[in-house]
Amino acid sequence: MTDSTDLAELIRERLQPLDPLALDVQDDSHLHAGHAGSRNGASHFTVRITATCFNGLSAVARHRLVYDRLGDLMPYPIHALALDTRTP
C-alpha cells in the first residue's frame, strides 16, 4: 500500500484510539523526490495531533504513544514521520 490517500487514512484510523481533538495528516513525499526512501510512492508524512491523553506527558512520551500505533508501518510503507504532538 503506497497510495497517499489510503496511507493517510490508515494513519488517521490508527490514531483514533488516542481520541484526538485535532488531527492533520500531511503527505510530504513530493518534497523528497529522488530520496532513497521515496521510491515507493507515498512515504513521508507529517502528523499534527492534539489529544487530552498527552496531558502531563513529555514530548518523548507523546511520540511513543503515536509510534505505538504506527510502528509496524515503519520503515515501510512509511519511511519518515514528523510529529507535532500537543495538548489542548
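The values are calculated or read from the model by the stated rules, or taken from the named source; none is laboratory data. Bear in mind that the values here come from a model prediction, so they are computed numbers and not experimental data. Cβ placement follows ideal geometry from the backbone for every residue including glycine, while neighbour counts extend to all protein chains displayed. Keep in mind that these areas ignore ligands, DNA and RNA; they rest on the heavy atoms of the full protein, side chains included. Shrake-Rupley method; radii C 1.70, N 1.55, O 1.52, S 1.80 Å.
Below are the figures for this structure:
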| item | result |
| --- | --- |
| Selection count, segment 52-67, where residues are hydroxyl-bearing (Ser, Thr, Tyr) and more than 10 Å from Leu83 (Cβ to Cβ) | 2 |
| Members of segment 68-78 that are under 11 Å from the mean Cα position of the chain (by Cα) and open to solvent by less than 80 Å² (accessible area, probe 1.4 Å) | Leu70, Gly71, Leu73, Met74, Ile78 |
| Number of positions in segment 21-45 that are at pLDDT 95 or above and closer than 18 Å to Ile78 by Cβ | 3 |
